[in-house]
């Protein structure tokens, strides 16, 4: 290849590297009409770590633990690491590649005329190649990969919001269950006191035997409610431990969990601010942009490709010291383009167009759902606050009614049925008041979840790093526990069990019972 041709190729490379049909990353606007304000908003400033609004130190510690130990969140981090690796791999395609080669061979030939001859050959070489991104296909693929990374980062933030909300919700459900246990215990004591009164009245021929039986039934019913509440306390502790990344345990049985005061309504902000703050909306936005870049890459794939290659190599026979005497260099340019592919590339373009359309519609649905979630949370909290106020008013009236009926019954002025009805109503309202308070907290959690954005979080290591670094001693202990003596019996002397151990090249022990 002469110098003029070489200069022409290099000039063409620099021109095409700076031009081509490149598609810029589109900035789509919101696909639906967004209202100017929400139906209601408060004045309390929002914070990134929204659960701190409850002013609950125990909850703060649990959420921090879950953000570092929850396995679903760690899996989301792993998916982010995968996306980053894919993006780095796509990044590499826009750079030249260089390989080295080497070989050594010996051949022997036996012939009657010439006898036995041996031939040795040695070679070393470098080969390089580069694809000129004429139409921006490689650049679009690379941009799509990095947009996937950004989308996966939003998925990590979405998972963190979901997990923190689940921890907070489970924590206050545990507080409600503990309160129900205390209420049931107090109601059992109160019902037994009434049973004693009714029994005395029966002995004095004031009450009937059926009244005593009804009161005994109420005591038994309240005891069954206590059992159900105690079961809920245990189950919620197991659920909370799993959210934190712990093995199921009863770690909070003796730790009282109070139901927090939700406080005043936070300032949720403008609808557009909330939408761009939500990571799921931003994730759909990035996925749409990535799909658009892949469409650009599919369109560019229909046009010719230009690639450059270069190589340098040396070759010698015997002896090896002559290897670097002779050199061969090559420089080539190759152009290739489709002639007939039976509509393969066109079909891929149409598929990518359909994916872009799907992303647009999916993102539109996400935006509408986000707006609906915020309005729903605001409405439900408002209604729940009014419901709780009504329950508390009824509870106070029921308490007064029961006290008067109980006093009148002891004086013989009313029958037992009225006492029983007022007592059952009072106790049901006591349980409902606790549930209504916890539900109001849950509505506030729903509101925070619907309006929350991202915050700084520690990034955990991969499972391999975690296994080798933090659990090396545990693995060693497990291997030491699996020691088998020469007779094939367990070294710890377990009676009635023989075991054979074989350790292969992989180092894994196989034990058969």
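Just rank 386, 410, 46, fewest to most, by other beta-carbon atoms within 10 angstrom.
386, 410, 46
Set the Förster distance to 51 Å, then compute FRET efficiency between residue 103 and residue 360 from the Cβ-Cβ distance, nearest 0.05.
Rounded to the nearest 0.05, the efficiency is 0.40.
Hey, can you rank 124-130, 96-102, 202-208, 371-377 by average C-beta count inside 10 Å, highest first?
371-377, 124-130, 202-208, 96-102
Once a ≥ b ≥ c are taken as the square roots of the eigenvalues of the Cα gyration tensor of region 211-286, is the result rounded (a/c under 1.5), prolate (a/b larger than b/c) or oblate (a/b not larger than b/c)?
Because a/c hits 1.5 or more and a/b exceeds b/c, region 211-286 counts as prolate.
Hey, for a label at residue 220 modelled as a point 7 Å past Cα toward Cβ, could you say which residues of region 180-211 have their backbone N under 13 Å away?
Within reach of a label on residue 220: no residues.
Looking at the square roots a ≥ b ≥ c of the eigenvalues of the Cα gyration tensor of region 324-368, which shape do they give, rounded for a/c under 1.5, prolate if a/b is larger than b/c, or oblate?
Oblate shape, in that a/c is at least 1.5 and b/c is the bigger or equal ratio.
Between region 343-408 and region 54-110, how many Å separate their Cα centres?
37 Å
State, to one decimal in nm, how far the label point of residue 250 lies from the label point of residue 119, with both points 7 Å from Cα in the Cβ direction.
8.5 nm
Would you work out the relative contact order for region 352-434, in percent, from Cα pairs under 8 angstrom that are 6 or more residues apart?
30 percent
Could you give the length gained on full extension between residue 34 and residue 270, defined as 0.36 nm per residue of separation minus the Cα-Cα distance, in nm?
Here the segment from residue 34 to residue 270 would lengthen by 84.0 nm.
Quick one: grab the alpha carbon gyration tensor of region 343-445, order the square roots of its eigenvalues as a ≥ b ≥ c, and give me rounded if a/c is under 1.5, else prolate or oblate depending on whether a/b is larger than b/c.
Prolate, because a/c is 1.5 or more and a/b exceeds b/c.
Quick one: length gained pulling residue 58 to residue 350 fully straight, 0.36 nm per residue minus the C-alpha distance?
99.7 nm
Going by how many other Cβ atoms sit within 10 Å of their own, how do 212, 235 line up, fewest first?
Fewest to most other Cβ atoms nearby, the residues stand as 235, 212.
In nm, give the distance between the simple-model label positions of residue 462 and residue 387, each being 7 Å from the Cα along the Cα-to-Cβ direction.
Distance between label points: 4.8 nm.
Sorting 54, 340, 387 on the 10 Å Cβ count, fewest up front, what's the list?
340, 387, 54
Taken together, the values in this text are just the output of simple stated rules run on the coordinates, not laboratory data. This structure is a prediction, so every number in the text was calculated from the model and none was measured. Reconstructed Cβ throughout: ideal geometry from the backbone, glycine too, with neighbour counts over all protein chains shown.
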